[in-house]
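A short write-up of the structure that comes next.
Derivation of every value follows stated rules applied to the coordinates shown; laboratory data play no part. Note that the structure is predicted; figures quoted are calculated from it, not measured. Don't worry about glycine lacking a Cβ; one is built from the backbone with ideal geometry, like all the others, and counts go over all protein chains shown.
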Amino acid sequence: MGEETCPATTQPEVRQLVDQTKRYDVLIAGQGAAAFSAALYAARYQMSAIIVGGIFGGETATGGIIENYPGYPEIDGFDLMLKFREQVDKYEVPVIEENINSIERSDDEFTVTTEGGQTFKATTAILAIGRERRRLWLDHEEEWTGRGVSFCSTCDAPMHRGNTVAVVGGGNAAVEGAVLLSKYAEQVYLVYRQDQFTRPEPINLQLLDAAKNVEQVMGTRVMELKGDDGLSGIVLDNEVRGSKELELDGLFIEIGADPRSELASKLGAELNDQGEVLVDKEMRTQVHGLFAAGDLTNASGDLKQTITAAAQGAIAATAAYYEVSTHPNACQWHAKVEA
Ligand SMILES: Cc1cc2nc3c(=O)[nH]c(=O)nc-3n(C[C@H](O)[C@H](O)[C@H](O)COP(=O)(O)OP(=O)(O)OC[C@H]3O[C@@H](n4cnc5c(N)ncnc54)[C@H](O)[C@@H]3O)c2cc1C
């Protein structure tokens, strides 16, 4: 690849073999939208690629119905991720279904160790391991996600036309979520444990005050989720309109998310004040050969969606391709890989 004099890099029939002794052109961490998109582009650049990711499909697969991924007016997130995976499988990129425990960098290569003790070497690495949503840790919270409980107002607000919903949280995401939901739902409750908002931007608070169908329930916590096979209401620790119970069609938990940035920061990548991995417009981190894509990064600001993650995966793979193909040692590496 790269210069014409270089031997061709790995051929498709070689790629399907998982080989712990070989040095891959790129190791892609994660199994979500950013990772599969990166793998698709890497494979089409004829890089030898390997995916190492904990759980198939990432957040998209567990997010329920997706209505804002172009080309699919309505599709279950799991099915969408199956399509991502099927497209990558055409190129026989190996997928190791394990979490990564550590990544080390020395002599211009990355050594990745999984929780099961497997190790893989690569010239470049793309981290696409997403974020950990903060939870309320109430019974049924996880089980009813997609059945009344949501962690993403941007994604699910349009499904609540004429409904009664509540948003939990007191930051920008919660306030923006309540304002967005007010355009669809008949009644929105914004439940916050503090007595006043200190974190949202003033413009968001103005919009909140202007939304007449949003009732601000301050100094109040959600204690319990009610329902049978999905959410039908919540129990609060204070009364609202004379009752501690609210009947709801939807509950939006918008209390933040923590980027899984530990692997990147241990390698020396810089993070912003929200713990996101800082990348440039080509998804390069400050560590040579290390790229990051998707919800883990600062790249798309607050708009963290399947489409932005997929786009970043494609950009990261392109930058990794240029990194590998223009590196002075690229020919020798490929010769070793072929041997
Ligand atoms: C409930 C919900 C509904 C949503 N609905 C929509 C929607 O309708 N439309 C939309 O566009 N977006 C939606 N989103 C947002 C969208 O799902 C995310 O923006 C998108 O999944 C981000 O993709 P990603 O690849 O960056 O990360 P993720 O999808 O989070 O994938 C991260 C991957 O990394 C793996 N991983 C984690 N740690 C490690 C490790 N140490 N080693 C290896 N692998 C690891 C995980 O198992 C996972 O496979 C929703 C999100 C949620 C939570």
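Of 291, 78, 197, which has the largest mean-square fluctuation in a 10 Å C-alpha GNM of the chain?
197
Quick check on the chain: what are the equivalent-ellipsoid semi-axes from the Cα gyration tensor, as sqrt(5λ), descending, whole Å?
The equivalent ellipsoid of the chain has semi-axes of 43, 19, 17 Å.
Taking 2.2 N^0.38 Å as the expected size of a compact globular protein, what ratio does the Cα radius of gyration of the range 48-87 give against it, to two decimals?
Normalised Rg, Cα atoms only: 1.25.
I'd like the trypsin sites (Lys or Arg not before Pro) in the range 94-141 restricted to DSSP loop residues with at most 15 other Cβ atoms within 10 Å, sorted by number.
For trypsin sites (Lys or Arg not before Pro) across the range 94-141 that sit outside H, G, I, E and B with at most 15 neighbouring Cβ atoms in 10 Å, the list reads 134, 135.
So what's the back-of-envelope 222 nm ellipticity for the chain, counting only DSSP H runs of four-plus at -39500 (n - 2.57) apiece and dividing by all residues, rounded to 500?
Computed mean residue ellipticity for the chain: -8000 deg cm²/dmol.
Would any residue of the range 107-124 have its amide N under 13 Å from a label point 7 Å out along Cα→Cβ of residue 288? List them or say none.
Answer for the range 107-124: 107-110, 124.
Pairs 22/83; 22/266; 281/304; 183/281: which are spaced more than 26 Å apart, C-alpha to C-alpha?
Violating the 26 Å Cα-Cα cut-off are 22/83; 183/281.
Quick query: amide H of residue 257 versus all other amide H atoms, modeled in the peptide plane; which residues come in under 5 Å with a sequence gap of 5 or more or a different chain?
Here the answer is 134, since their amide H atoms fall under 5 Å of that of residue 257.
Project the alpha carbons of the range 177-260 onto their principal axes and report the range along each, largest first, in whole Å.
38, 37, 26
Return the ratio Rg/(2.2 N^0.38 Å) for the range 124-197, where Rg is computed over Cα atoms only.
1.26
Return the lysines within reach of residue 244: Cα separation strictly under 17 angstrom, same-chain partners fewer than 8 residues apart disregarded; answer none if there are no such residues.
226
Hey, rough spin-label estimate for residue 119 and residue 212, points 7 angstrom out along Cα→Cβ, what's it come to in nanometres?
6.8 nm
So what are the radius of gyration and Dmax for the Cα set of the range 33-151, in Å?
Answer for the range 33-151, Rg first and Dmax second: 16.4, 50 Å.
What Kirkwood hydrodynamic radius, in Å, does the range 28-100 give when the mean of 1/r is taken over all pairs of distinct Cα atoms and then inverted?
12.3 Å
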